[in-house]
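Here is the structure we will look at, set down as structure tokens.
Quick note: the coordinates plus some simple rules give every number you see, no bench work behind them. This structure is a prediction, so every number in the text was calculated from the model and none was measured. Here the Cβ positions follow ideal geometry from the backbone for every residue, glycine too, while neighbour counts run over all protein chains shown.
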Amino acid sequence: MHKEHHSWHTDRLGRWMDLMTYGHYGLPFLVFPTSGGDHREHEGQSMIGALAEFIERGRIKIFTVESVNDQSFLNRDAHPLHRAWMQKQYDEYIRHEVIPFIHQHCRSPVPIATMGASIGAYHAANTLFKHPDVVKRCFALSGVYDMRRNMDGYYNDHFYFNNPPDYLANLSDPWFYGQLSTCDIHIVTGHGPWEVPSHSYELSALLSRKQIPHHLDDWGDLGGHDWPSWKHQMREYVGRLS
């Protein structure tokens, strides 16, 4: 399997950020890590191996990124408004640095799919909801989408525009509705070990109220909050892609 490591310094985050690519051709997947993971997590947890046949056949091409979870919503040592500011900066890094890198690497402004599990599901969904002109498919596995519990009661615009239950509830822009209507959104949950399906059901209910097309995929006992479930689910999803 073709594999590359890339790294550059981003002024938006004030640090070096790493990225891995897997594959030579295919639908680009922008993949976010879980809370304690990095750009190599999906390889280390064998997600890349689980999808290897699709990568090697040129069906998909995977780009795994780092997060700044330890500096944003999960940073209990920072002021909550700084946490929100770091998430805003991370979203801008993804949109204005990572997505152009993916387009350049693919030699085409091809539509991008996002994927992530746990807090990675939040990033995968948030990236599509905010940028549906360039991200057209999302697989959000076992996610939590309302970040208010990480803000200690504080609130500002940086937080509002990165908290899907807030900005989606007030969505009225016809452009966004038009773009979202062309997206393939999968909110994935189940009832297996450590899974909390209410988070996915609440987001799905909001999307339904706003008439945003999506799939609420409840995998039942196969939908646990752990890598074996996520690998099984993604093999099924990728196998169905045309």
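Remarks
- DSSP beta bridge pairing in the chain, given as percent antiparallel to the nearest 5: 35
- Local electrostatic count, GLU53, Cβ distance below 15 Å [Lys/Arg +1, Asp/Glu -1]: +4
- Taking Cα centre as origin and charging only the Cβ of basic (Lys, Arg, +1) and acidic (Asp, Glu, -1) residues, the dipole magnitude of the range 3-240 rounds to 480 debye.
- Taking amide H as placed 1.01 Å from N in the peptide plane, the amide H of ASP18 sits under 5 Å from that of GLU66, each at least 5 places away or on another chain.
- Whether the range 138-177 is rounded, prolate or oblate, judged on the alpha carbon gyration tensor where a/c under 1.5 counts as rounded: oblate
- Rounded to the nearest 500, the helix-only mean residue ellipticity at 222 nm of the chain stands at -9500 deg cm²/dmol, with each DSSP H run of n ≥ 4 adding -39,500 (n - 2.57).
- One Cα centroid belongs to the range 1-43, the other to the range 142-189; the line between them spans 24 Å.
- Long-range lysine pairs (8 or more apart or interchain), the chain, Cα under 19 Å: 6
- For the chain, the relative contact order comes to 17 percent (Cα pairs under 8 Å, sequence separation of at least 6).
- Ranking of SER198, SER172, SER72, SER142 by count of other Cβ atoms within 10 Å, fewest first: SER172, SER198, SER72, SER142
- Sorted into 10 angstrom bins from 0, the C-alpha pair distances of the range 3-240 split as 8, 34, 39, 18, 1 percent.
- Seen from VAL188, the other residues with C-beta closer than 12 Å to its C-beta sum to a net charge of -4, counting Lys and Arg as +1 and Asp and Glu as -1.
- Backbone HN-Hα couplings from phi across the range 163-168 [Karplus 6.51/-1.76/1.60, Hz, Gly and Pro as x]: 10, x, x, 7, 6, 6
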